[in-house]
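Here the structure is laid out as structure tokens; the discussion comes afterwards.
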Amino acid sequence: MNRSKLRRQIAWEAARLMYDRQESEYYRAKIKAARRICQGWVKPADLPSNAEIRDEIQSFARLHEGEQRQQNLREMRLEALRMMKLLARFRPRLIGSVLTGHVRHGSDIDLHVFSDSIDAVTLVLEE
């Protein structure tokens with residue numbers, strides 16, 4: 001099998017593992033996928049990049065979730081904005097899949113906030 005085809009197959013299998021939530025880390029998904037496809041050792045150069053796997057995950061999401069995916073992204077971004085306004089004094093930053101647009105079923109909203117006191121953040125969230 002040529003290297004390009006092997007790399008694409010590993011990327012597809014790693015993406016499937018991550019989309020189905022059997023793996024959550026790119027590296028572990030790559031290794032598991034490579035073992036399944038190659039039945040043993042694989043050269044590091046044959047492993048796909050995280051970006052290649054992420055692109056395949058998005059293909060799975062488009063295929064399985066269709067138009068609902070865009071609606072989910074919109075709703076998640078609106079909720080993130082609402083939370084960021086609530087937490088404004090802690091300089092919130094949106095990170096992760098909602099920021100990049102790479103959401104899929106089960107994605108969550110990730111915000112970083114900055115505070116010297118976790119209690120101060122907790123108080124705002126409990127109001």
Quiz item: What number of residues in the stretch 28-46 are at pLDDT 95 or above and surrounded by fewer than 16 Cβ atoms within 10 Å (Cβ to Cβ)?
Solution: 1
Exercise. Please give the number of the condition residue 61 fails out of (1) at pLDDT below 95; (2) of a type outside the set (D, E, K, R); (3) surrounded by fewer than 17 Cβ atoms within 10 Å (Cβ to Cβ).
Key: (3)
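Give the residue that is surrounded by the most Cβ atoms within 10 Å (Cβ to Cβ), with candidates limited to residues of the stretch 1-27 that are aliphatic (A, V, I, L, M) and in contact (Cβ under 8 Å) with a residue 40 or more places away in the chain. Talk me through it step by step, then tell me what you get.
Of the stretch 1-27, the ones aliphatic (A, V, I, L, M) are 1, 6, 10-11, 14-15, 17-18.
Now drop any that are not in contact (Cβ under 8 Å) with a residue 40 or more places away in the chain, which leaves 6, 11, 14-15.
Working: 6: 18, 11: 24, 14: 29, 15: 25.
The extreme case among them is 14.
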Practice problem: Search the stretch 60-82 for residues that are free of Cβ contacts under 8 Å to residues at least 24 places away in the same chain and pair each with any residue that is surrounded by 13 or more Cβ atoms within 10 Å (Cβ to Cβ) and not in a helix (DSSP H, G or I) when their beta-carbon atoms are under 9 Å apart and the residues are at least 6 apart or on different chains. | Solution: 68/105; 77/94; 77/109; 81/94
Practice problem: Test each condition in (1) out of contact with any Leu (no Cβ under 9 Å at 6 or more places or on another chain); (2) under 17 Å from residue 106 (Cβ atoms) for residue 39 and report the one that comes out false. | Solution: (2)
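Just wondering, is there one or more residues in the stretch 75-83 that are over 19 Å from residue 101 (Cβ atoms) and under 18 Å from the mean Cα position of the chain (by Cα)?
Within the stretch 75-83, the subset over 19 Å from residue 101 (Cβ atoms) is none.
No: the stretch 75-83 contains no residue that is over 19 Å from residue 101 (Cβ atoms) and under 18 Å from the mean Cα position of the chain (by Cα).
One line per residue, one yes/no per condition, for (1) assigned by TED's automatic domain parsing to the domain that holds residue 96; (2) of a type outside the set (Gly, Ala, Ser); (3) under 21 Å from residue 103 (Cα atoms); (4) touching a Lys or Arg at 6+ places or on another chain (Cβ under 6 Å):
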position	(1), (2), (3), (4)
10	no, yes, no, no
15	no, no, yes, no
25	no, yes, yes, no
28	no, yes, yes, no
33	no, no, no, no
36	no, yes, no, no
46	no, yes, no, yes
49	no, no, yes, no
54	no, yes, yes, no
Self-check item: residue 76, sole failed condition from (1) in contact with a Leu (Cβ under 8 Å, 6 or more places away or on another chain); (2) under 22 Å from residue 59 (Cβ atoms); (3) not β-branched (Val, Ile, Thr)
Solution: (1)
Quiz prompt | When residues of the stretch 90-127 are limited to those that are farther than 13 Å from residue 80 by Cα and of a type in the set (Asp, Glu), the one surrounded by the most Cβ atoms within 10 Å (Cβ to Cβ) | solution = 119
Self-check item: Exclusive hit being within 30 Å of residue 30 (Cβ to Cβ), out of contact with any Lys or Arg (no Cβ under 9 Å at 6 or more places or on another chain), polar (S, T, N, Q) and not assigned by TED's automatic domain parsing to the domain that holds residue 10, set 59, 107
Solution: 107
Exercise. Would you check which residues across the stretch 78-119 are touching a helix residue (DSSP H, G or I) at 6+ places or on another chain (Cβ under 7 Å) and within 21 Å of residue 64 (Cα to Cα) and list them?
Key: 98, 101, 102, 103, 104, 105, 107, 109
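The values are calculated or read from the model by the stated rules, or taken from the named source; none is laboratory data. As the structure is a computational prediction, the values presented were derived from the model and not from experiment. Positions of Cβ are generated from backbone atoms using ideal geometry, with glycine treated the same way; all protein chains shown enter the neighbour counts.
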